[in-house]
Amino acid sequence: MKWFNGYRMRLMFVGCVAAVVLGGGSTKADFTFGEPTNLGPTVNSSARDHGPSISPDGLELYFGSRRPGGYGATDLWVATRATKDDPWEEPVNLGHLLNTGETDSGPSISSDCLNLYFDSRRAGGYGERDIYVTTRATKNDSWGDPMNLGPTVNSQSAEAHPTISDDDLELFFFSDRPGGYGNYDLWVTTRAATYDDWGVPKNLGPLINSAGTEFGTCISSDSRILFFGGYNWPNGYGDVDLWITRRATKDDPWSPPRNVGPVVNTYSAEAYPSISADGRTLYFCDYGTIQRPGGYGDDDLYQAPIIPIVDFNGDGIVDAADMCIMVDHWGTDEPLCDIGPMPWGDGIVDVQDLIILAEHLFEEFPPVESVE
């Protein structure tokens, strides 16, 4: 800490000297996306592969697939790897307890990797499509018999593609149940503690939901960012695009959704997002009748890096001038410099942001379109 205080003083001195360099206004720091890459022919098949869910340690990737070797129309599968630097191994079917002769899809793995939520059309449910959860004692144990979340969460309509929050207290999903604004809407059910029952689901409201279709959510590990798919939304790039909404804290309302932009979204259909625990990688599905080049099947899984915008003054390079801007806003909630530990920050400019900035020091950056 003594070293850092001394370093901060030196930076403040540089800030005074560099006042002329900084001049003018500054751009709003945020984050952008790198070029998506296909997960390759080991994970993807010639069939439909969709609805990814990446585990918090980044070593398990759950998804739904219609590839051969399953039990029904769509089955739950998992691909694993030894480390995040290793390639994915051949996906494994999750077995007959989880998969049936009907559709089983939309997996979402919990933060402790011991609960797996998914949707299913299996017999014995409450509606056309219900949400279930299966548990295991440790990561080395097998998954147990799935349990239906019951008639409070599930209805006579369809409830699908659940997304569990990092604290296990919020469960997002899409449904065409009564009380919505369009075809399919986004809903959330909450509970006060993990041993409590799930509460009556609430619609995310007309700011998020439209007269059309919203589906396929994922929530960031800090619960501040929600990705989802929107069908035929205005100002999109294809029939189905990925959109993002954010909130300052769990108690704050969601912001108006924004399109994640043309690097990820194309003339094809991009949906069913999943975000890594560190917020640095977005996984998603590309599907539809028109697909981006380089795929292996009807639906393919992709990943794209999420990159914080660290060139605060927009001069094309990260240098002392950007350091000075950060120091000038130290201890505030200035979004310009709030870039860590997640790419969208945590509400305060502190050492977490300095660490991220230092990782990119002296790198050159072309102009980018941020997701504000």
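The values are calculated or read from the model by the stated rules, or taken from the named source; none is laboratory data. None of these values were measured; they are calculated from a predicted model. Heads up, the Cβs are rebuilt from the backbone with ideal geometry, glycines too, and the neighbour counts pull from every protein chain shown.
Kindly indicate the residue of the stretch 239-262 that is over 17 Å from residue 163 (Cβ atoms) and crowded, with 18+ Cβ neighbours inside 10 Å and also farthest from the chain's Cα centre (by Cα) among those meeting that condition.
240
I want to confirm something. Restricting to the stretch 95-126 and keeping residues that are touching a residue at least 40 places away in the same chain (Cβ under 8 Å) and of a type in the set (Gly, Ala, Ser), which single residue is nearest to residue 277 (Cα to Cα)?
111
Any chance the stretch 269-288 includes a residue that's out of contact with any Asp or Glu (no Cβ under 8 Å at 6 or more places or on another chain), at pLDDT below 95 and in a loop (DSSP other than H, G, I, E, B)?
The answer is no; no qualifying residue exists.
Among the candidates 319, 346, 338, which residue alone is buried (at least 22 other Cβ atoms within 10 Å of the Cβ), farther than 30 Å from residue 45 by Cα and touching a residue at least 40 places away in the same chain (Cβ under 8 Å)?
Answer to the selection: 338.
Kindly indicate whether any position in the stretch 134-143 is crowded, with 19+ Cβ neighbours inside 10 Å, of a type in the set (Val, Ile, Thr) and without any contact (Cβ under 8 Å) to a residue 40 or more places away in the chain.
yes
Test residue 211 against the criterion of being closer than 24 Å to residue 97 by Cα, in the same structural domain as residue 288 (by TED's automatic domain parsing) and surrounded by fewer than 21 Cβ atoms within 10 Å (Cβ to Cβ), and give yes or no.
No.
Taking residue 110, is it in the same structural domain as residue 130 (by TED's automatic domain parsing), modelled with pLDDT of 95 or more, closer than 20 Å to residue 138 by Cβ and touching a Leu at 6+ places or on another chain (Cβ under 9 Å)?
Considered against the rule, which asks whether it is in the same structural domain as residue 130 (by TED's automatic domain parsing), modelled with pLDDT of 95 or more, closer than 20 Å to residue 138 by Cβ and touching a Leu at 6+ places or on another chain (Cβ under 9 Å), residue 110 comes out as yes.
Filter the stretch 280-314 down to residues that are under 23 Å from residue 362 (Cα atoms) and in contact with a Ser or Thr (Cβ under 8 Å, 6 or more places away or on another chain) and give me whichever is surrounded by the most Cβ atoms within 10 Å (Cβ to Cβ).
My answer is 312.
Within the stretch 103-126, count every residue that is at negative phi and surrounded by fewer than 17 Cβ atoms within 10 Å (Cβ to Cβ).
4
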